[in-house]
Amino acid sequence: MKIKELKQGDLITQRIDNLIVSFKVLSIEQIGRRFQVTFSSASGIETASYQGDALITAI
């Protein structure tokens, strides 16, 4: 899924050290050509910036 297609509430998975970690999209905001996405996980809340066409694994 492209970052620009994410919606609040989408679940994202990522493999970290052979563990699958799930992230929930709390918010997504377009800032110029980039998108600022705020995620929550068991580790807390983080914000990251991506190009709109970047790909991410969503379930």
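The values are calculated or read from the model by the stated rules, or taken from the named source; none is laboratory data. These numbers were taken from a predicted model, which means no experiment stands behind them. Glycine also receives a Cβ, built like all others from the backbone with ideal geometry; neighbour counts cover every protein chain displayed. Just the protein is used for accessible areas: all its heavy atoms, side chains included, with ligands, DNA and RNA removed. Shrake-Rupley method; radii C 1.70, N 1.55, O 1.52, S 1.80 Å.
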Query raised in the report: Here are some residues: VAL21, VAL25. Which one is free of Cβ contacts under 8 Å to residues at least 24 places away in the same chain, part of a strand (DSSP E or B) and either out of contact with any Leu (no Cβ under 8 Å at 6 or more places or on another chain) or of a type in the set (Lys, Arg) (or both)?
Result: VAL21
Report task. Working only within the range 14-27, note down all residues that are over 11 Å from ALA58 (Cβ atoms) and open to solvent by less than 90 Å² (accessible area, probe 1.4 Å). Result -> ILE16, VAL21, LEU26, SER27
**Report entry** Complete set of residues in the range 49-59 that are small (Gly, Ala, Ser), more than 15 Å from GLN14 (Cα to Cα) and in a loop (DSSP other than H, G, I, E, B)
**Finding:** GLY52
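Here is a yes/no grid of residues against (1) open to solvent by 90 Å² or more (accessible area, probe 1.4 Å); (2) modelled with pLDDT under 95; (3) assigned to a strand (DSSP E or B); (4) touching a Lys or Arg at 6+ places or on another chain (Cβ under 8 Å):
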residue: ILE12; (1), (2), (3), (4): no, yes, yes, yes
residue: GLN36; (1), (2), (3), (4): no, no, yes, no
residue: PHE39; (1), (2), (3), (4): no, no, yes, yes
residue: THR47; (1), (2), (3), (4): no, no, yes, no
